[in-house]
Amino acid sequence: MSVTGTSTPPTAVDRLRHAQHLRRQADAIELQAIADLAAEHGWTTTDELDVTSERAVRVGADGTALVGEFLPLEVAAIKAISVNAATWLIRDVLNLRDRHPVLWSSVLHGHVPPYRAFQLTQLAARYDLTIEQAHDLDQRLASNYGRIGWARLMRLARGLIAIIAANNVQAAADQARASRYVRTAVTEQPVVTELWARLDTTDAQQLEATIASIAKSLAAHGDTDELDVRRAKALGILATPGRAVALLEGRDDTRY
């Protein structure tokens with residue numbers, strides 16, 4: 001745009017938009033380069049070693065291409081990140097390209113940020129979707145990429161995964177329930193103890209609501225401690241059900 005023959009300098013908003021455009025371009029170039037690096041060797045399922053004694057490994061989920069075992073070292077050196085981080089990045093790129101081709105195209109065209117796309121590919125891999133199931137998920141979600149909020153899309157993806165791979169979802173739920181626990185540990189100060197727990201979600205939600213209610217009741221009865229302290233007290237009070245019931249009813253009974 002020009003005024004009286006002179007160029008109007010870009011506004012801060014223009015520069016910010018331009019920076020975002022360049023970042024999307026750079027992201028697409030980087031992902032494509034990693035995918036190309038992974039494909040340079042041309043490993044097959046029958047390859048074991050190449051002339052340099054490099055082995056073929058699969059870092060991605062079902063159906064992803066094999067890569068040379070030294071590839072993470074190369075990517076780590078170029079990007080100045082750890083080998084583990086490079087391995088995870090290569091895994092995410094291959095899962096995206098090979099298992100979610102429509103989403104891959106959306107990322108390359110700047111419609112979806114890579115980190116968002118990786119959240120979806122990781123979710124699919126977490127439930128051990130086969131490549132056919134991943135492709136099915138990708139096709140069912142295709143019309144939503146870049147068009148609805150990502151939180152909403154992820155909720156939709158979880159619902160679709162429950163349909164596409166119901167047995168896998170049930171197995172994951174069973175495994176999660178089998179890993180429930182409650183643990184305590186002493187601290188440097190013997191008057192306080194730390195507690196960790198892994199609960200059913202419904203139980204945790206009910207516990208949260210009860211703790212919040214008791215903490216509020218404590219304040220109503222004159223407790224001036226900070227909220228976090230009152231919440232800790234509330235959890236302890238649950239060990240004396242009589243007082244807990246009284247506080248939940250809006251009164252206090254310190255006999256317990």
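The values are calculated or read from the model by the stated rules, or taken from the named source; none is laboratory data. Nothing here was measured: the structure is a model prediction, and the numbers come from that model. Quick reminder, even Gly has a Cβ in these numbers, built from the backbone with ideal geometry, and neighbours come from all protein chains shown. Accessible surface is based on the protein model in full, side chains and every heavy atom, while ligands, DNA and RNA are left aside. Shrake-Rupley method; radii C 1.70, N 1.55, O 1.52, S 1.80 Å.
Below, the figures for the structure above:
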read-out: Degrees between helix 227-237 axis and first principal axis of the chain (Cα, 0 to 90, nearest 10); value: 60
read-out: 0 to 90° range, to nearest 10: angle between helix 114-126 axis and the chain longest Cα axis; value: 70
read-out: Tilt relative to the chain, helix 201-220 - C-alpha long axis, 0 to 90 degrees, to 10; value: 50
read-out: Relative packing of peptides 64-70, 224-230, 28-34 - highest average C-beta neighbours within 10 Å first; value: 64-70, 28-34, 224-230
read-out: Over the chain: helical MRE at 222 nm, DSSP H runs n ≥ 4 each giving -39500 (n - 2.57), nearest 500; value: -19000 deg cm²/dmol
read-out: Gaussian network model of the chain, Cα within-10 Å springs - most flexible of Val13, Val107, Val83; value: Val13
read-out: Kirkwood Rh (inverse of mean 1/r, distinct Cα pairs), the chain, angstrom; value: 23.3
read-out: Whole-angstrom gap from the stretch 5-32 to the stretch 224-255, using each part's C-alpha centre; value: 56
read-out: For the stretch 39-187, the fraction of alpha-carbon pairs in successive 10 Å shells from zero, as %; value: 10, 33, 30, 20, 6, 1
read-out: Using alpha carbons only: equivalent-ellipsoid semi-axes of the stretch 114-256, gyration tensor based, whole Å; value: 43, 18, 15
read-out: Area projected by the alpha carbon convex hull of the stretch 138-206, averaged over all directions, nm²; value: 7.7
read-out: Value of D in µm² per second that Stokes-Einstein yields for the stretch 46-129, Kirkwood Rh from Cα pairs, at 20 °C (1.002 mPa s); value: 158
read-out: Selected from Ile90, Ile164, Ile78 as most flexible by GNM, with the chain as the system and alpha-carbon contacts under 10 Å; value: Ile78
read-out: Accessible carbon and sulfur surface of the stretch 110-175 relative to its total accessible area, %, 1.4 Å; value: 48
read-out: Given charges at beta-carbon only (K, R positive; D, E negative), |dipole| of the chain in Debye; value: 980
read-out: For the stretch 210-254, the fraction of alpha-carbon pairs in successive 5 Å shells from zero, as %; value: 5, 29, 39, 22, 4
read-out: Taking the C-alpha atoms of the stretch 153-192, convex hull volume expressed per residue in Å³; value: 100
read-out: GNM flexibility winner over the chain from Ala215, Ala86, Ala151 (Cα, springs under 10 Å); value: Ala215
